[in-house]
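A short write-up of the structure that comes next.
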Amino acid sequence: MTSDSSAYPTAPALPAGVTDDSVSMIGRQAILNERREVFGYELFDRTTAVDAHTAASDAALLFNALSYAGTEALVGRKLVFVNCTHESLVGGHLELIHPDKVVLEVPTLGDDATPEEIAALIPVFQSLRQRGFRLAFDQNLLRRAYVHWLPMASFIKLDMLSFPVESAEALVKFAQTHTTAQIVAEKVETQEQFDLMHSLGVRLFQGFWFARPDVVSAKTVRPSQGTILQLLNLVRSQSSTAEIEEVLKKDPTLSFNLLRFINSSGFGLSCEITSFRHAVMILGLKKLFRWAALLMTTSRAGGTAPAVGQTAVVRGRLMELLAAEMLSTEEVDNAFVVGVFSLLDVMLGIPMDKALSSIALPQTVQDALLHKTGVYAPFLELVLACENGDDEVFARTSEALHLSNHQVNWAHLQALAWADNLADDIG
C-alpha cells in the first residue's frame, strides 16, 4: 500500500565522498486530519529499489528510521505508518519498537488466495494487536473473503484512484458499519475528492493535494562487522553486563548507535539513557541480540576508518584512567564517553553540535565536547596534548590536575595497549 509510490521522487545524488553504505534514504508522506494537521507519516525505504520490498527491507526501514535518521527530525512525535510483508509481521525487529508509535500497513492476499491461507494470518494479527500494535489495511479488506479480518483493523486506507467516485459512499458506509477502524482517504489529488470523502465522515487524508512525499537522507555511522559479531557471541553465550559493556566501550560507533537507538522516540522510554551499562540492562540480552543482529544486516565490511576509531578508543580509555583517582564511578564513566565521542564529528562528517543532537548525553559531557568547559574539559585537553605532543599544554593541564608526568605517561601507555588489543579481541 505504498501511497503514490509510482510518482515518488528519486533519491537525490549523494554528496561527494559519501558512499551508499553511509547514507540511509527514508521517504515520508504526511497523513493529515481534516484541519490539515499532521496525524502521522507513512515511511518508505528509498535506499533500495522500489520493487525490492521484502521482510528484510521492512526490518531495515524501521531500524534505519529509529537508529540513524533520528525520529525527532523524521517524524517528531507523530505516528509512523510502515508497509509490511506478511513475513515481516513475525520478525524479531518488531520486539525492538514501542507498539504505540507504529502502525503496520498489511496487504491483503492475491485474488487466488484460499480461505485457509486467509484464515492462517488471523493468529498473527491477533498476536500483534495483543502486543499493542495497530494494523492498517486497504479497501480490499472490505471484500467478502476478508470478513474475519475486519475486527483486526485500526485503519482502513481507501485508494481514491482504485475505485469509481460513485462507489465511495458505499465503501465508506460499509467500513463504518462493520468496523471500528479509522478511515484514511489516500491518493487524494483534488478539492472535490477531499470534499466528497469529508462529507461522508472521513477525517484522515493522504495524497498529492496535501503534500507530495519527500526524502530524508541520514548520514550513518556503522561499526565493523567483526565488533558486532563479538557482541552477538557475548550475548548468545549470556556473558555478564560488564563483559558486554567492555565491547561497547571499545567501539565508539557501536556505542553511539546503541545510545541513539535506545533513546529514540520509537523505543518508548520516558527517560534518557546515557550510560552503556544502563542501556544493556534496559534492553536485556534478548533485545540486545535482536538489535545487534539487525545492525549486522545493515552494515557491511569495513565501517569507520580504523585509525579514527582506534584514536577515539585511546582517548576514552586514557580519560577513564586519568579520572579514576579523582572522580566518582559515574563521572569516570562519563569521562570515557567524552573521550570516545570526541571524534564523533569526524566519524559522521558533520559538526559536533549536530552529531550530539542525535544522541542523549549528560550536559556535563556535552559541555566538554562542545564548549571545552566543565569537569571533564581539562582531562580532554590533557589527552589531546598527549596525542599531539604539545609539551606546554601537557605541563599546564597535568599540573592543574595534580598528575605527575609519570602517572600520565603510564596511563597513556596502558590506553594504547588496551586499544591495540582490540584487533586481537575481535579477530
Q. Residue 148: without any contact (Cβ under 8 Å) to a residue 60 or more places away in the chain, open to solvent by 20 Å² or more (accessible area, probe 1.4 Å) and touching a Leu at 6+ places or on another chain (Cβ under 6 Å), yes or no?
A. no
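Can you report the number of residues in region 396-405 which are open to solvent by less than 80 Å² (accessible area, probe 1.4 Å) and part of a helix (DSSP H, G or I)?
The number of residues fulfilling the criteria is 3.
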Q) Do you know which residues across region 371-395 are surrounded by fewer than 15 Cβ atoms within 10 Å (Cβ to Cβ) and farther than 14 Å from residue 316 by Cα? A) 371, 372, 373, 388, 389, 391, 392, 395
(Q) Looking at the structure I just gave you, is residue 114 open to solvent by less than 70 Å² (accessible area, probe 1.4 Å), of a type in the set (Ser, Thr, Tyr) and over 30 Å from residue 192 (Cβ atoms)? (A) yes
Q.
Can you say whether residue 131 is within 28 Å of residue 263 (Cα to Cα), charged (D, E, K, R), modelled with pLDDT of 90 or more and open to solvent by 50 Å² or more (accessible area, probe 1.4 Å), as far as the supplied structure shows?
A. yes
Q: Go over the candidates 355, 324, 385 one by one and state the one that is free of Cβ contacts under 8 Å to residues at least 40 places away in the same chain and in contact with a Ser or Thr (Cβ under 9 Å, 6 or more places away or on another chain).
A: 385
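Could you tell me which of the residues 103, 80 is among the β-branched types (Val, Ile, Thr), under 30 Å from residue 167 (Cα atoms) and modelled with pLDDT under 90?
Just one listed residue meets the conditions, 80.
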Q) Is region 219-228 home to any residue that is at pLDDT 70 or above, touching a Leu at 6+ places or on another chain (Cβ under 7 Å) and in a helix (DSSP H, G or I)? A) yes
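Among what's in region 239-258 and is in contact with a helix residue (DSSP H, G or I) (Cβ under 7 Å, 6 or more places away or on another chain) and of a type in the set (S, T, N, Q), pick the residue that is farthest from residue 338 (Cα to Cα).
Taking the candidates together, the pick is 241.
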Q. So which residues in region 229-243 are in a helix (DSSP H, G or I), polar (S, T, N, Q) and modelled with pLDDT under 75?
A. 233
Q | Test result for residue 346, touching a Lys or Arg at 6+ places or on another chain (Cβ under 7 Å) and under 20 Å from residue 256 (Cβ atoms) | A | no
Q: Can you tell me which residue among 137, 208 is surrounded by 15 or more Cβ atoms within 10 Å (Cβ to Cβ) and in contact with a strand residue (DSSP E or B) (Cβ under 7 Å, 6 or more places away or on another chain)?
A: 137
Q: Residue by residue through region 160-179, note down the ones that are buried (at least 19 other Cβ atoms within 10 Å of the Cβ) and in contact with a Lys or Arg (Cβ under 6 Å, 6 or more places away or on another chain).
A: 160
**Q.** Candidate set: region 406-418, residues that are open to solvent by 20 Å² or more (accessible area, probe 1.4 Å) and in contact with a helix residue (DSSP H, G or I) (Cβ under 7 Å, 6 or more places away or on another chain); chosen: the one modelled with the lowest pLDDT
**A.** 418
Q | Enumeration of residues in region 332-366 that are outside any loop (DSSP other than H, G, I, E, B), closer than 18 Å to residue 310 by Cβ and of a type outside the set (Asp, Glu) | A | 336, 337, 338, 339, 340, 344, 346, 347, 348
Q: Tell me, yes or no, whether region 363-386 has at least one residue that is of a type outside the set (Val, Ile, Thr), over 30 Å from residue 272 (Cβ atoms) and touching a helix residue (DSSP H, G or I) at 6+ places or on another chain (Cβ under 7 Å).
A: yes
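The values are calculated or read from the model by the stated rules, or taken from the named source; none is laboratory data. Predicted model only: the values in this text are computed from it and were never measured. Here Cβ is always computed from backbone atoms with ideal geometry, including for glycine, and neighbour counts include all displayed protein chains. Heads up: the accessible areas ignore ligands, DNA and RNA and are worked out on the full protein's heavy atoms, side chains in. Shrake-Rupley method; radii C 1.70, N 1.55, O 1.52, S 1.80 Å.
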